[in-house]
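Asker: Structure below; questions to follow.
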Amino acid sequence: MPAINRNPTSFLGEEYKALVDQELDWRLRILQGPSSTRCIVDGKKVLMLCSNNYLSLSTHPKLIDAAIRSIKTHGVGSGSVRPIAGNMDLHIELERRLAKFKHAESSLVYTSGFTANSGLIPQLVGKEDLIVSDELNHGSIIDGVRLSTAERAIYKHRDVTDLGRVLNEAEKHAPAYRRILVITDGVFSMDGDIAPLDGIVKEAERHGAMVYVDDAHGEAVLGEGGRGIVSHFHLDHKRVHVEMGTFSKAFGVIGGHISGSKDLVNFAYNKSRTWLLTASHPPPVAAACIAAIDVLENEPQHVKTLWDNTNYFKKGLVGLGFNTGNSQTPITPVIIGENATAKKFSQRLYELGVFALPIIFPMVPKGTARIRTIMNSALTKNDLNDALAAFEKVGKELSVL
Ligand SMILES: *Cc1c(COP(=O)(O)O)cnc(C)c1O
């Protein structure tokens, strides 16, 4: 008989310590005050270069006003899940506005992007089906795929030819798959590169597969007026069947969403347990998200400035001699190499007043540790010059340049 384990929770401390010993634990920084481009982190004034708040909408007066007003009219909580008593007029209005913004027949809001992916993917495909996924897809897609009983296949990152190979293989499967779902991030968050959605759609059409794109980092960034990747490639929801996204990044609030056909939305909300069994957003969340759509529709300058800043900063980094990989978006990685150097780099940037965190193995392949920068429309040219000067100084200090 095995000895009785006298401390059934000893693994908690042991596994945590193992992470600490390998310096793989998260040491959380504290943001004191709002997420803005000039902010206070752990008591020090810094330039924010790593938030997903691309357009600084989290502090936009229209969003703040809308949130406050909605608290006065609707209170701070919704009281229930949406299928019971928590389906407020504000939620319906948000979905109507989002569908219009996305040129979709219909949209559905989830609590978060994570719950949209983890709740919907396993309903779209199950036994007898196949899911085909880019090798670098986001963790919430990976969890959604794991919750599905479908078979899985991976294609090489952004490689339409390899996707074609996987789909050709799938055609030979006996018995034939009932359904095939091709799923990809729109913008990949570690490298800032864009999925070749036009090529993916053509390949999927050749094989009768559904297409699902997670555009968390493309919304309010890519496409006409920030409408996202489907608009960027001049596609529509007859060809991209599920356009999924989040209100937590450039929209500046929180919440996941999908857009597509009415059939998709009816199916999704009746089947996703992460939609049916979790409370709906508090009124200020829904109201602020509606206001964010208003801002995107009426103040096109934010997206434009975001791209002007992005181009200026990228050019500056490349001019200094940094390796910025394959970035095509406001996510610009500065690839350093070793984990320890990337960590030191980030620490020195912080000391010089620039907040940008290292992304290290195992989040990215060994030897490609990086500082991931995310551009913001509210950064000024002066801010960007200050940031570039800090990068240059640290790059030389640590012999990265
Ligand atoms: C951030 C992100 C999510 C999760 O969105 P939340 O709304 O923050 O849960 C999902 N997919 C991708 C690609 C993301 O970058």
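Asker: Name the one entry in Ser107, Ser112, Ser80, Ser118 that is in the same structural domain as Gly260 (by TED's automatic domain parsing), more than 16 Å from the ligand (Cβ to nearest atom), farther than 30 Å from Leu352 by Cα and hydroxyl-bearing (Ser, Thr, Tyr).
Answerer: On the way: Ser107 fails: more than 16 Å from the ligand (Cβ to nearest atom); Ser112 fails: more than 16 Å from the ligand (Cβ to nearest atom); Ser118 fails: more than 16 Å from the ligand (Cβ to nearest atom).
Every option except Ser80 fails the conditions.
Asker: Any chance you could count how many residues in region 330-378 are basic (Lys, Arg) and within 27 Å of Ile229 (Cα to Cα)? Don't jump to the end; show me each part of the working.
Answerer: Taking region 330-378 first, the residues basic (Lys, Arg) are 343-344, 348, 366, 370, 372.
Applying the additional criterion that residues be within 27 Å of Ile229 (Cα to Cα) yields 370, 372.
Counting residues in region 330-378 that are basic (Lys, Arg) and within 27 Å of Ile229 (Cα to Cα) gives 2.
Asker: Right, another one. All but one of (1) free of Cβ contacts under 8 Å to residues at least 24 places away in the same chain; (2) more than 29 Å from Ser399 (Cα to Cα); (3) open to solvent by less than 30 Å² (accessible area, probe 1.4 Å) hold for Thr324; state the number of the condition that does not hold.
Answerer: Every condition holds for Thr324 apart from (2).
Asker: Okay, moving on. Which residue out of Val211, Val201 is under 26 Å from Gly119 (Cβ atoms), touching a Ser or Thr at 6+ places or on another chain (Cβ under 9 Å) and more than 10 Å from the ligand (Cβ to nearest atom)?
Answerer: Val211
Asker: Okay, next question. Inspect all residues belonging to region 250-269 and state whether any of them is touching a Pro at 6+ places or on another chain (Cβ under 7 Å), within 15 Å of Asn117 (Cα to Cα) and part of a helix (DSSP H, G or I). Show your work before the answer.
Answerer: Filtering region 250-269 for residues touching a Pro at 6+ places or on another chain (Cβ under 7 Å) gives none.
No; the residues of region 250-269 include none that is touching a Pro at 6+ places or on another chain (Cβ under 7 Å), within 15 Å of Asn117 (Cα to Cα) and part of a helix (DSSP H, G or I).
Asker: What number of residues in region 323-367 are modelled with pLDDT under 95 and polar (S, T, N, Q)?
Answerer: Of the residues in region 323-367, 2 are modelled with pLDDT under 95 and polar (S, T, N, Q).
Asker: With region 91-167 as the region, which strands (runs of 3 or more DSSP E) entirely inside it contain at least 1 residues that are closer than 30 Å to Asn298 by Cβ and either open to solvent by 20 Å² or more (accessible area, probe 1.4 Å) or among the hydroxyl-bearing types (Ser, Thr, Tyr) (or both)?
Answerer: Correct list: 106-110.
Asker: How about region 175-232: which of its residues are without any contact (Cβ under 8 Å) to a residue 40 or more places away in the chain and assigned to a strand (DSSP E or B)?
Answerer: Val211, Val213
Asker: Kindly indicate whether Thr305 is crowded, with 24+ Cβ neighbours inside 10 Å and in contact (Cβ under 8 Å) with a residue 60 or more places away in the chain.
Answerer: No: the conditions fail for Thr305.
Asker: Looking only at region 43-74, which residues are under 21 Å from Gly225 (Cα atoms) and open to solvent by 70 Å² or more (accessible area, probe 1.4 Å)?
Answerer: Those that are under 21 Å from Gly225 (Cα atoms) and open to solvent by 70 Å² or more (accessible area, probe 1.4 Å): Pro61, Lys62.
Asker: Another question, if that's okay. For Gly13, state whether it is assigned by TED's automatic domain parsing to the domain that holds Ala342, more than 16 Å from the ligand (Cβ to nearest atom), without any contact (Cβ under 8 Å) to a residue 24 or more places away in the chain and open to solvent by 40 Å² or more (accessible area, probe 1.4 Å). Write out each step before concluding.
Answerer: Working: assigned by TED's automatic domain parsing to the domain that holds Ala342: no; more than 16 Å from the ligand (Cβ to nearest atom): yes; without any contact (Cβ under 8 Å) to a residue 24 or more places away in the chain: yes; open to solvent by 40 Å² or more (accessible area, probe 1.4 Å): yes.
So Gly13 does not fit the description; no.
Asker: Right, another one. Could you run through region 253-276 and say how many residues are in contact with a Ser or Thr (Cβ under 6 Å, 6 or more places away or on another chain), open to solvent by 20 Å² or more (accessible area, probe 1.4 Å) and closer than 26 Å to Ser36 by Cα?
Answerer: 1
Asker: Moving on to the next point. Being away from the ligand (no atom under 12 Å from the Cβ) and among the hydrophobic types (A, V, I, L, M, F, W, C) is the filter here; which residues of region 121-157 pass it? Steps first, please.
Answerer: The initial filter retains those residues of region 121-157 that are away from the ligand (no atom under 12 Å from the Cβ), namely 122-133, 135, 145-157.
Residues satisfying the conditions are Leu124, Val125, Leu130, Ile131, Val132, Val145, Leu147, Ala150, Ala153, Ile154.
Asker: Restricting to region 327-366, what's the tally of residues that are outside any strand (DSSP E or B), open to solvent by less than 10 Å² (accessible area, probe 1.4 Å) and not β-branched (Val, Ile, Thr)? Break it down stepwise before answering.
Answerer: Taking region 327-366 and keeping what is outside any strand (DSSP E or B), we get 327-330, 338-353, 356-357, 360-366.
Subsequent filtering for residues that are open to solvent by less than 10 Å² (accessible area, probe 1.4 Å) retains 329-330, 342, 345-346, 349, 356, 364.
With not β-branched (Val, Ile, Thr) added as a condition, the list becomes 330, 342, 345-346, 349, 356.
So the answer is 6.
The values are calculated or read from the model by the stated rules, or taken from the named source; none is laboratory data. Being a predicted model, the structure only gives us computed values, none of them experimental. Reconstructed Cβ throughout: ideal geometry from the backbone, glycine too, with neighbour counts over all protein chains shown. Note: areas computed on protein heavy atoms with side chains; ligands, DNA, RNA excluded. Shrake-Rupley method; radii C 1.70, N 1.55, O 1.52, S 1.80 Å.
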